Structure formats: structure tokens, C-alpha cells
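One structure is given here, and the rest of the page talks about it.
The values are calculated or read from the model by the stated rules, or taken from the named source; none is laboratory data. No experiment lies behind these values; they were computed from the predicted model shown. Virtual Cβ from ideal backbone geometry, glycine too; neighbours counted across all protein chains shown. Ligands, DNA and RNA are stripped out before the accessible areas are found, and what is left, the full protein with its side chains, is counted by its heavy atoms. Shrake-Rupley method; radii C 1.70, N 1.55, O 1.52, S 1.80 Å.
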Amino acid sequence: MSEVKGLLVMDVDSTLVQEEVIDLLGEEAGVGREVAEITERAMRGELDFRQALNERVATLKGLPDSIFEKVYARIHFNKGAKELVDELHSRGFKVGLVSGGFHETVDRLAKEAGIDYVKANHLEVIDGLLTGKIYGEIVTKDVKVAKLKDWAAENGLKLSQTIAMGDGANDLPMIKTAGIGIAFCAKPIVREQAPYEITEPNLYKVIQILDEVKTK
């Protein structure tokens, strides 16, 4: 096996993909506006993420699990997503996703884009219906940092060889921990504190930043 040269870990909603999947689920449940409002406040850092997530998931109680199929059809990769993953793989990088979203959609996105690692939340489903609860470990900002460190260690990488990218307050600790931290079309609090920034929705711009850092 060839030596792993680096690692990119990124957020999913509004980073890898254009949409916030929890908001799409909320729309399907008929509570789109209130769910989107909670999402927005959490992303700006005004609400505790865990509390905001539990509140939003509770509104989905009673939805059939066939909802994931409907929602998946409404998700779009951001421009340059697959090209970025292919280019990083060609350079010996691994790519991971850490998401406050859900395995039911994130696993499919990862498979479609050829991504190596995934950490997301699990929605509880009983008898084909969502219970409005999450089971297992909730992906908080601390878990995002932990996965960056775990996956780096697994590949014998230093943190200086890692890239982290996201758009919300929940991504900031991970962005600050990585060797290259990137705010992607991000909320003001993230743009202010991230070392690097991409302002247009084109993920391939990561390569530009990586090449610039390498030549410094």
C-alpha cells in the first residue's frame, strides 16, 4: 500500500452538498420553516448544537423511513466535489466526512463521491417510522475534532498534514485544529476565525489553497 500523504476532513451540509438535509426533512414533515430557523441559529453559533439537533429531529417523529429516498433525490453536490476527491486521491490523500446530518443520506453521498471515511448521526427508526430521536453518539464540534485526529493517527499523519473545511460554528474547532483550516462559503463567525477562506461555491478551490501553502 502506498504511503498516505495527507487527509481532508469536511462537513457535509452546505459544504460537500448545497443543501441542509435536516431542512429538507423538515420540509417533508411540513415544519420546514421552523426547522430552517433553528438550523440557521445553530450555524451562527447562537444555539447549542446538540440541543438544536434534538429539537429539529423531534419534529420528524412519525415520518416514514421512505422519506430518505425522496430527500436524497433533492440533494446536489457542490461544484467541484467529485473532482476534488479524485485529485486528492491522486495525490495520496484520504478524504473523510464529519456531519451533524444523518448516515441515511451521508453514507450514500460518500459512496457516490468515493470518500474514505464517514462519521454522522443515526436517526432512530422503529417499524418503518422515525421516532423523533437519535441513537448513538451525537456528532458535536468535539467529535469532529476527534475524528480528524483519529483518522490522521490511523494513517500515520501529523495534524500539519491535514485539511479541515466547513461552513458553520460547529466546524470551527476542527478548522482551527487542522494544518490548513478552510471556511467554505461560511457564516460570519467562521470566516472571521478560519485561516483560509473559499467564497465561491466551488470545492476544487481547495487544491489552489493546498498548492499555495506548499509553495510558501
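When Thr59 is tested against (1) more than 19 Å from Ile163 (Cβ to Cβ); (2) among the hydroxyl-bearing types (Ser, Thr, Tyr); (3) under 18 Å from the mean Cα position of the chain (by Cα); (4) open to solvent by 20 Å² or more (accessible area, probe 1.4 Å), just one condition goes unmet, and that condition is (3).
Restricted to helices (runs of 4 or more DSSP H) entirely inside the range 1-63, those with at least 2 residues that are of a type in the set (S, T, N, Q) are 49-58. Restricting attention to the range 94-116, the residues being under 13 Å from the mean Cα position of the chain (by Cα), surrounded by 17 or more Cβ atoms within 10 Å (Cβ to Cβ) and at pLDDT 95 or above number 12. Here His89 qualifies as more than 21 Å from Ala186 (Cβ to Cβ) and either of a type in the set (Phe, Trp, Tyr) or touching a residue at least 24 places away in the same chain (Cβ under 8 Å) (or both). The listed residues are Asn54, Asn78, and the only one of them that is among the polar types (S, T, N, Q) and either under 17 Å from the mean Cα position of the chain (by Cα) or crowded, with 22+ Cβ neighbours inside 10 Å (or both) turns out to be Asn78. Taken across the range 21-32, residues that are charged (D, E, K, R), at pLDDT below 95 and loosely packed, with under 14 Cβ neighbours inside 10 Å do not occur at all.
Scanning the range 200-211 finds no residues that are hydroxyl-bearing (Ser, Thr, Tyr), in a loop (DSSP other than H, G, I, E, B), in contact with a Cys (Cβ under 9 Å, 6 or more places away or on another chain) and more than 16 Å from Gly101 (Cα to Cα).
Selection of the range 70-84 for residues being under 21 Å from Val21 (Cα atoms), aliphatic (A, V, I, L, M) and touching a residue at least 12 places away in the same chain (Cβ under 8 Å) yields Val71, Ile75, Ala81.
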